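Everything below concerns the one structure shown next.
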Amino acid sequence: MTDNGLDADRARVAAAVPPNVREVCATLIAAGHEAVTVGGAVRDALLGRAPGDWDVATSAHPEQVISLFKRTVPTGLQHGTVTVVTGRGIDSHVEVTTFRGEGAYSDARRPDHVTFGVPLVEDLARRDLVVNAIAYDPVADAFHDPFGGRDDIAARRLRAVGTPVDRFREDGLRVMRAVRFATVLEFELDAETEAAIEPALPSLAKVSRERVSDELHKLLASRQPSRGLAIAERTGILAQILPAVPTGLAAWKRPVSAWLARVDAAPPPVRMAAVLADLADPTSDRRHLDRATVKKVDEVMRGLKMSNDERELVAKLVGVAAAARESDWSVVQVRRLLAEAGRALAPHAIDAWRADGASPQLTATAGDILASGAPLAVGELAITGKDLMSALAMRPGPLVGKLLAALFDRVLDDPALNTRESLVRIADELRQQLLGDG
């Protein structure tokens, strides 16, 4: 990289370093220690992206860091980490970690032990990707980039630090991070680094599903999730973390390219549903919510330790996903399907169908129904149970609920009936029929 390029990079990172981070480094250096900013913030500043948290790495041991600052929190002393509090609010917290070497990773997640007192280059050598192994000294305005991270950023390339297989086997989450960074940064994953993923999958299997889900969420929030999902599919990651997806693709005879296109086309809130949409039963009635599919998807989401709200959203969206494969719809059929999905979920269902190439008739009709305000639940009727009891001199009991359900069924066929007068009249007729049948 040219000197002009180096000067531009220094200026870019120097402008991005927050004053409190610079002051922490200056204090450590004035006391005779090395201190640099490291990791993702340096990488993002070089890319012109808004950096996240700025981390400081230092030759000072934790007790020395604590002695130099008025307010500190012993965040993780066993790993050499101290949080320096420089003011008020979370933005004033600066995480400072001692340069360290690491022992073996018996659990494929964390080192069995760490060693303090190693040189900076050894500390950088333990990091996952070369673009994350760049340090910047804000006092000297100098980079420490022993593995060529700035060159990789310029080439938009991702490489593992050192031997890729060793790096990934140490910590199984690193394969997910590599795929996520390739997606979010829109970098190409180096061929040797990608080839190291499959041999490291046993290490990924040991990683908690919460951590895997966190990486998957970040990937799906990117501009083009297919970049990473394609890598996950061809390297075996997908088959390990979501084995039901390849099975679903085979059942629907859907090519991977069409699956990837659907996920990219889906808005971020429904992308997880787009990933799982092929778990829908190909033989199910496509005009109704498939409750067996809802149950199956809920189990998949539980396995990924997803939140209750996300599980419900995704499971129901996949439960109506097969509707996108049906071309001939009546307004009543669409209205009934939206009612089964529920009003809160209905807009997401339309987005998911549109991403899956559903017929314009389905998506346009569904949009018109939502815009019309037609009732999609008993609670949206123009009459309540209390109203019925008052108008028809009824006592509380199961009959009230039966009448409301029957009224809602009528209104799904004809929303124009949703007036108090019409519903009271129909309810009176239905009550007489029910009592007569009884």
TODO: Please work out which one of (1) within 22 Å of THR283 (Cα to Cα); (2) crowded, with 20+ Cβ neighbours inside 10 Å; (3) in contact (Cβ under 8 Å) with a residue 24 or more places away in the chain is the condition ARG336 fails and give its number.
DONE: (2)
TODO: From (1) surrounded by 24 or more Cβ atoms within 10 Å (Cβ to Cβ); (2) of a type outside the set (Ser, Thr, Tyr); (3) farther than 20 Å from ASP214 by Cβ, pick out the condition that doesn't hold for MET272.
DONE: (3)
Task: Single residue of ALA250, ALA280, ALA258 found to be over 30 Å from ASP413 (Cβ atoms), touching a Gly at 6+ places or on another chain (Cβ under 9 Å), free of Cβ contacts under 8 Å to residues at least 60 places away in the same chain and of a type outside the set (S, T, N, Q) - done: ALA258
- [ ] State which residue is nearest to ALA324 (Cα to Cα) when the search covers only the range 359-380 and only residues that are in contact (Cβ under 8 Å) with a residue 12 or more places away in the chain and of a type in the set (A, V, I, L, M).
- [x] LEU362
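Looking only at residues that are charged (D, E, K, R) and either at pLDDT 95 or above or touching a strand residue (DSSP E or B) at 6+ places or on another chain (Cβ under 6 Å) (or both) in the range 254-269, which one is surrounded by the most Cβ atoms within 10 Å (Cβ to Cβ)?
Of the residues in the range 254-269, the ones charged (D, E, K, R) are 254, 262, 264.
Next, from what is left, pick out any that are either at pLDDT 95 or above or touching a strand residue (DSSP E or B) at 6+ places or on another chain (Cβ under 6 Å) (or both): 262, 264.
Details: ARG262: 23, ASP264: 17.
Per the stated criteria, the residue is ARG262.
Out of the range 403-438, which residues are of a type in the set (Gly, Ala, Ser) and over 40 Å from the mean Cα position of the chain (by Cα)? Explain how you work it out, then say what you get.
Within the range 403-438, the subset of a type in the set (Gly, Ala, Ser) is 405-406, 416, 422, 427, 436, 438.
Within the range 403-438, ALA406, ALA416, SER422, ALA427, GLY436, GLY438 qualify.
Check whether at least one residue in the range 228-241 is of a type in the set (Lys, Arg) and closer than 27 Å to ALA346 by Cα, and report yes or no.
Filtering the range 228-241 for residues of a type in the set (Lys, Arg) gives 234.
When the remaining residues are screened for being closer than 27 Å to ALA346 by Cα, the result is none.
Checking the range 228-241: not a single residue is of a type in the set (Lys, Arg) and closer than 27 Å to ALA346 by Cα.
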- [ ] Check off (1) within 20 Å of THR58 (Cα to Cα); (2) surrounded by 19 or more Cβ atoms within 10 Å (Cβ to Cβ); (3) touching a residue at least 40 places away in the same chain (Cβ under 8 Å) for ASP145 and give me the number that stays unchecked.
- [x] (3)
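Pull up the range 43-72, narrow it to residues that are in a loop (DSSP other than H, G, I, E, B) and farther than 17 Å from ALA30 by Cβ, then point me to the one that is farthest from the chain's Cα centre (by Cα). Quick ask: steps written out before the conclusion?
The first filter runs over the range 43-72 and keeps only residues in a loop (DSSP other than H, G, I, E, B), leaving 48-54, 59-61, 69-71.
Filter once more, so that each one left must be farther than 17 Å from ALA30 by Cβ: 48-54, 71.
Values: GLY48: 23, ARG49: 20, ALA50: 19, PRO51: 19, GLY52: 17, ASP53: 19, TRP54: 23, ARG71: 35 Å.
By that ranking, first place goes to ARG71.
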Open item on the list: If I go through the range 69-93 residue by residue, how many of them are among the basic types (Lys, Arg) and closer than 18 Å to ASP53 by Cα?
Closed with: 1
Task: Residue match in the range 385-405 (condition: part of a loop (DSSP other than H, G, I, E, B) and at pLDDT 95 or above) - done: no
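Among the residues of the range 365-402, which ones are over 18 Å from ASP413 (Cβ atoms) and polar (S, T, N, Q)?
Initial filter on the range 365-402 (over 18 Å from ASP413 (Cβ atoms)): 367, 371, 379, 384-401.
Answer for the range 365-402, where residues must be over 18 Å from ASP413 (Cβ atoms) and polar (S, T, N, Q): THR384, SER390.
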TODO: Looking at (1) out of contact with any Lys or Arg (no Cβ under 9 Å at 6 or more places or on another chain); (2) modelled with pLDDT of 95 or more, find the lone condition where GLU210 falls short.
DONE: (1)
TODO: From ARG325, ARG335, grab the single residue that is touching a Pro at 6+ places or on another chain (Cβ under 9 Å), modelled with pLDDT under 95 and of a type outside the set (Phe, Trp, Tyr).
DONE: ARG325
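For ALA391, state whether it is outside the structural domain of VAL314 (by TED's automatic domain parsing) and touching an Asp or Glu at 6+ places or on another chain (Cβ under 9 Å). Working first, answer last.
Values: outside the structural domain of VAL314 (by TED's automatic domain parsing): yes; touching an Asp or Glu at 6+ places or on another chain (Cβ under 9 Å): yes.
Yes, satisfied.
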TODO: Go through the range 366-384 and give me each residue that's assigned to a helix (DSSP H, G or I) and of a type in the set (S, T, N, Q).
DONE: SER372
- [ ] Would you kindly identify the helices (runs of 4 or more DSSP H) lying entirely within the range 135-202 that contain at least 2 residues that are of a type in the set (A, V, I, L, M, F, W, C) and over 21 Å from the mean Cα position of the chain (by Cα)?
- [x] 149-155, 164-170, 191-195
Task: Every residue from the range 1-42 that is part of a helix (DSSP H, G or I), within 24 Å of THR81 (Cα to Cα) and more than 36 Å from the chain's Cα centre (by Cα) - done: ALA26, THR27, LEU28, ILE29, ALA30
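Looking at ARG343, ARG354 in this structure, which one is charged (D, E, K, R), surrounded by 17 or more Cβ atoms within 10 Å (Cβ to Cβ) and either part of a helix (DSSP H, G or I) or free of Cβ contacts under 8 Å to residues at least 40 places away in the same chain (or both)? Explain how you work it out, then say what you get.
Numbers: ARG343 fails: surrounded by 17 or more Cβ atoms within 10 Å (Cβ to Cβ).
Checking each option against the conditions leaves just ARG354.
From the list ALA205, ALA178, which one is within 18 Å of ALA239 (Cβ to Cβ), surrounded by fewer than 23 Cβ atoms within 10 Å (Cβ to Cβ) and not polar (S, T, N, Q)?
On the way: ALA178 fails: surrounded by fewer than 23 Cβ atoms within 10 Å (Cβ to Cβ).
Every option except ALA205 fails the conditions.
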Open item on the list: I'd like to check something: does the range 296-316 contain any residue that is in the same structural domain as ARG262 (by TED's automatic domain parsing), surrounded by fewer than 16 Cβ atoms within 10 Å (Cβ to Cβ), under 17 Å from LEU337 (Cα atoms) and without any contact (Cβ under 8 Å) to a residue 24 or more places away in the chain?
Closed with: no
Task: Yes/no for LEU120 being among the hydrophobic types (A, V, I, L, M, F, W, C), touching an Asp or Glu at 6+ places or on another chain (Cβ under 8 Å), at pLDDT 95 or above and surrounded by 18 or more Cβ atoms within 10 Å (Cβ to Cβ) - done: yes
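The values are calculated or read from the model by the stated rules, or taken from the named source; none is laboratory data. Remember, predicted model here, so these are calculated numbers, not experimental data. Please note: Cβ atoms are built from the backbone with ideal geometry, for glycine as well, and neighbour counts cover all protein chains shown.
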